[in-house]
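**Student:** Okay, handing you the structure first.
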Amino acid sequence: MDERGFELTMELQHGMQFLVDFGGQDIPPLLMDEPEPVGDDQGPNATRLLAAAVGNCLSASALFCFRKARVTVDGMRTEVRTRLVRNENGRVRVGAIEVDIHPEVSPEDWPRLRRCIDVFQDFCIVSQSVKRGIDISVEVKPPADLGATEPESGLTPANGIRDRA
């Protein structure tokens, strides 16, 4: 993984559907959509992808550690439960994500997993970042042909609108 970061792009298709391009890698695009009645429920929404990212990252970190400990993993199933809550303004937020990882290993290998169970979470980029909060900055950029400053907003093609989420 490139420690400097990465970029991806999202293009509106129609309704609430966005096609995600992962930036030149051999990864097929992913269609995201909102559930009905807002969208058409034709793909996962951002909340489901967040839960999947947390579950996948933890599973991959655990599996990597198990394999480094020379434990044969015959299969693995991960269950991710996401609880949605309303904040003080009535907005829906992710209140909790619970992850259960079920590795298929022989009983004699189970004691060798103890060290992994103690440390694998610390190596998961996504869950550790979400736990600590991620600094997010947002800028809404007007089209280049907007022209002069809009008097009411002060918005120009050069300055956009910036927000820290």
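All of the numbers you see were taken from the coordinates with simple rules; none came from a lab. Remember, predicted model here, so these are calculated numbers, not experimental data. Neighbour counts are summed over all protein chains in view; Cβ atoms, including those assigned to glycine, are modelled from backbone coordinates with ideal geometry.
**Student:** If each residue of separation counts as 0.36 nm, what is the full-extension length gain between Val119 and Lys131 once their alpha-carbon separation is subtracted?
**Tutor:** Result: 2.7 nm gained on full extension.
**Student:** While we're here: Using only Cα atoms and rounding to the nearest 10 degrees, what angle (0 to 90) does helix 46-68 make with the longest principal axis of the chain?
**Tutor:** On a 0 to 90 degree scale, this one is about 30.
**Student:** Given an 8 Å cut-off on Cα distances and at least 6 residues of separation, report the relative contact order of the chain as a percent.
**Tutor:** Relative contact order comes out at 13 percent.
**Student:** Please state the relative contact order of region 1-44 as a whole percent: Cα pairs under 8 Å, 6+ residues apart?
**Tutor:** Contact order relative to length: 28 percent.
**Student:** Where q = 0.19, 0.20 Å⁻¹, what log10 of I(q)/I(0) comes from the Debye formula for region 1-118, counting one point per Cα?
**Tutor:** Scattering profile of region 1-118, log10 relative to I(0): -1.11, -1.15.
**Student:** Can you give the extra length, in nm with one decimal, that the chain gains between Glu11 and Ala69 once fully stretched, where that is 0.36 nm per residue apart less the Cα-Cα distance?
**Tutor:** So the chain would gain 16.6 nm between Glu11 and Ala69.
**Student:** Quick one: net charge of His102's neighbours, Cβ under 9 Å, K/R +1, D/E -1?
**Tutor:** Around His102, the surrounding residues sum to -2.
**Student:** Another question, if that's okay. On full extension of the chain, what length is gained from Val38 through Val92, given 0.36 nm per residue of separation minus the C-alpha to C-alpha distance?
**Tutor:** Taking 0.36 nm per residue and subtracting the Cα distance, the gain is 18.0 nm.
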